[in-house]
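Data block below; observations after.
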């Protein structure tokens with residue numbers, strides 16, 4: 001399995017990848033303000049790369065439930081300098097986390113390789129054109145509603161079937177729009193317009209969400225459903241369950257894992273692969 005990005009093809013045949021989260025926002029739900037500014041962002045990116053991240057996902061607008069929308073100029077001002085600086089010192093894969101075509105275009109010009117769009121390239125009518133023209137990789141996420149309304153009353157008849165149908169529609173539509181199949185990756189959008197039951201059902205049946213031979217990306221890191229499942233309000237209690245989900249879903253075929261704590265998730269990924277693939281080690 002290969003994933004085509006703007007500058008390279010990522011081999012996902014045997015080894016999964018860790019996408020490290022780099023929020024350069026003042027109000028993200030778990031790390032708002034901690035990495036705002038180029039120097040703070042670069043410092044954190046370097047740590048994640050050292051710990052095993054092969055993709056750095058830069059986000060300039062919080063998508064937590066109820067988050068206010070950020071103006072295009074402000075989102076570009078937060079993200080482009082960070083991407084410029086990171087690209088100047090690192091040849092790895094950089095992703096821009098945005099649903100705005102103008103923000104994506106600015107990031108791609110600065111050296112980003114991937115557009116990670118929580119709306120599945122539906123929020124901005126120009127996004128398909130921008131992505132097709134650049135040849136970038138795209139992450140197509142499923143979300144019911146939008147970040148301001150998504151957790152009001154999410155409802156599905158069959159959440160797995162409906163997410164899969166969304167992926168099938170997006171694959172056909174994006175290919176017609178000029179985006180190559182090889183550039184597309186799908187994310188079921190855990191926590192985006194889903195109850196805890198919906199999230200757990202998607203994780204339980206994650207292996208059935210592969211569409212068109214395209215890879216699945218999973219982002220569960222620090223999400224509230226973990227705390228609800230454990231009966232804990234402590235954010236720190238969500239870290240090791242995230243590692244457990246990384247190992248479990250890698251066994252089910254998830255190849256890209258978007259996380260905050262890179263090192264333990266990278267180790268879980270490699271350990272799961274050692275078990276799955278029966279790698280030969282010296283006695």
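Tabulated results
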read-out: Qualifying residues in the stretch 251-266 (those that are touching a helix residue (DSSP H, G or I) at 6+ places or on another chain (Cβ under 8 Å) and assigned to a helix (DSSP H, G or I)) - the one surrounded by the most Cβ atoms within 10 Å (Cβ to Cβ); value: 265
read-out: Residue list for the stretch 174-189, filter: crowded, with 23+ Cβ neighbours inside 10 Å and either part of a loop (DSSP other than H, G, I, E, B) or out of contact with any strand residue (DSSP E or B) (no Cβ under 9 Å at 6 or more places or on another chain) (or both); value: 179, 188, 189
read-out: Subset of the stretch 101-121 (residues that are buried (at least 17 other Cβ atoms within 10 Å of the Cβ), over 16 Å from residue 23 (Cα atoms) and in contact with a helix residue (DSSP H, G or I) (Cβ under 7 Å, 6 or more places away or on another chain)); value: 101, 105, 106, 108, 110, 111, 120, 121
read-out: Tally of residues being assigned to a helix (DSSP H, G or I) and within 13 Å of residue 23 (Cα to Cα) across the stretch 82-100; value: 2
read-out: Top-ranked residue of the stretch 45-81 - restricted to ones that are more than 22 Å from residue 120 (Cα to Cα) and in a loop (DSSP other than H, G, I, E, B), ranked as farthest from the chain's Cα centre (by Cα); value: 51
read-out: Selection status of residue 139, touching a strand residue (DSSP E or B) at 6+ places or on another chain (Cβ under 9 Å), in contact (Cβ under 8 Å) with a residue 60 or more places away in the chain and either assigned to a helix (DSSP H, G or I) or within 26 Å of residue 10 (Cβ to Cβ) (or both); value: yes
read-out: Test: residue in the stretch 108-117 that is farther than 16 Å from residue 217 by Cα, in contact (Cβ under 8 Å) with a residue 24 or more places away in the chain, under 17 Å from the mean Cα position of the chain (by Cα) and not in a loop (DSSP other than H, G, I, E, B); value: yes
read-out: The listed residue being surrounded by fewer than 16 Cβ atoms within 10 Å (Cβ to Cβ), over 23 Å from residue 211 (Cα atoms) and modelled with pLDDT of 95 or more, out of 161, 133; value: 133
read-out: Residue within the stretch 82-100 that is more than 15 Å from residue 58 (Cα to Cα) and buried (at least 19 other Cβ atoms within 10 Å of the Cβ) present; value: no
read-out: Residue match in the stretch 162-171 (condition: assigned to a helix (DSSP H, G or I), in contact with a strand residue (DSSP E or B) (Cβ under 8 Å, 6 or more places away or on another chain) and under 20 Å from residue 220 (Cβ atoms)); value: yes
read-out: Within the stretch 195-238, considering residues that are buried (at least 22 other Cβ atoms within 10 Å of the Cβ) and over 17 Å from the mean Cα position of the chain (by Cα), the one farthest from residue 142 (Cα to Cα); value: 238
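The values are calculated or read from the model by the stated rules, or taken from the named source; none is laboratory data. The model shown is predicted, which means the values in this text are computed figures rather than measured ones. Glycine also receives a Cβ, built like all others from the backbone with ideal geometry; neighbour counts cover every protein chain displayed.
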